[in-house]
């Protein structure tokens with residue numbers, strides 16, 4: 001029996017032949033469209049929506065990408081690298097608490113600006129770019145260990161608190177975007193202070209007024225009601 005010497009990638013599949021120029025253009029348009037749609041709506045976007053935004057037929061999307069994961073990897077590689085860069089910057093902070101503040105605030109801004117990155121970073125999609133997920137996790141764990149040793153961390157605070165903080169503030173950001181788009185930053189400070197051994201002296205951003213609180217709360221409640229209606 002003749003041995004198959006066809007080169008294969010890490011997943012065991014033969015590499016694709018080089019694309020023609022028009023196929024390369026279509027692929028780039030599909031990736032750009034997917035990146036935009038994921039940023040706007042999260043990772044629930046389907047191939048039909050991507051094809052429409054890219055101006056190609058859905059069959060073209062299926063020819064360029066064997067499955068959803070392959071498209072997700074291509075579209076999210078660059079923005080997820082930004083998340084890793086934020087973690088690297090935080091790791092370099094001389095004092096661990098300052099690094100933690102930097103990590104959470106920078107990641108919050110990135111996740112608020114890109115719903116797809118939020119879904120990928122917080123929704124258990126570690127397989128998309130495992131080195132990014134592992135890198136951010138290692139930085140967070142190291143910062144928490146250092147902050148505890150330096151006496152800045154509240155007893156019982158843990159690096160697993162970070163994803164929960166990010167979920168809370170990014171969800172607030174989503175529901176307050178039309179009323180007070182910067183409001184989430186106030187609550188990043190509030191929640192971070194909850195992890196600190198002693199409350200910090202960083203000033204809070206301007207509080208919401210009663211009309212803003214009412215508008216955000218009503219919109220959030222209406223959104224939740226619509227979600228329940230769709231599932232019944």
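The values are calculated or read from the model by the stated rules, or taken from the named source; none is laboratory data. All figures in this text were calculated on a predicted structure; none of them were measured in a lab. Counting neighbours? That spans all protein chains shown, and the Cβs are built from the backbone with ideal geometry, glycine included.
Just a few scattered comments:
- Restricting 158, 141 to residues that are farther than 26 Å from residue 78 by Cβ and at pLDDT 90 or above narrows the list to 158.
- Candidates are the residues of the range 156-166 that are touching a residue at least 12 places away in the same chain (Cβ under 8 Å) and not in a helix (DSSP H, G or I); the one that is nearest to residue 114 (Cα to Cα) is 159.
- The condition of being assigned by TED's automatic domain parsing to the domain that holds residue 147, assigned to a helix (DSSP H, G or I) and touching a residue at least 40 places away in the same chain (Cβ under 8 Å) holds for only one of 102, 110, 84, that being 84.
- For the range 90-104, a residue qualifies if it is surrounded by fewer than 17 Cβ atoms within 10 Å (Cβ to Cβ) and within 19 Å of residue 197 (Cβ to Cβ), and the qualifying residues are 93, 94, 95, 98.
- If you go through the range 178-200 and keep only what is loosely packed, with under 15 Cβ neighbours inside 10 Å and either within 18 Å of residue 221 (Cβ to Cβ) or touching a residue at least 60 places away in the same chain (Cβ under 8 Å) (or both), you end up with just 178.
- Within the range 123-138, the set of residues being closer than 17 Å to residue 75 by Cβ and either within 13 Å of the chain's Cα centre (by Cα) or not in a helix (DSSP H, G or I) (or both) comprises 123, 125, 126, 127, 128, 129, 132, 133.
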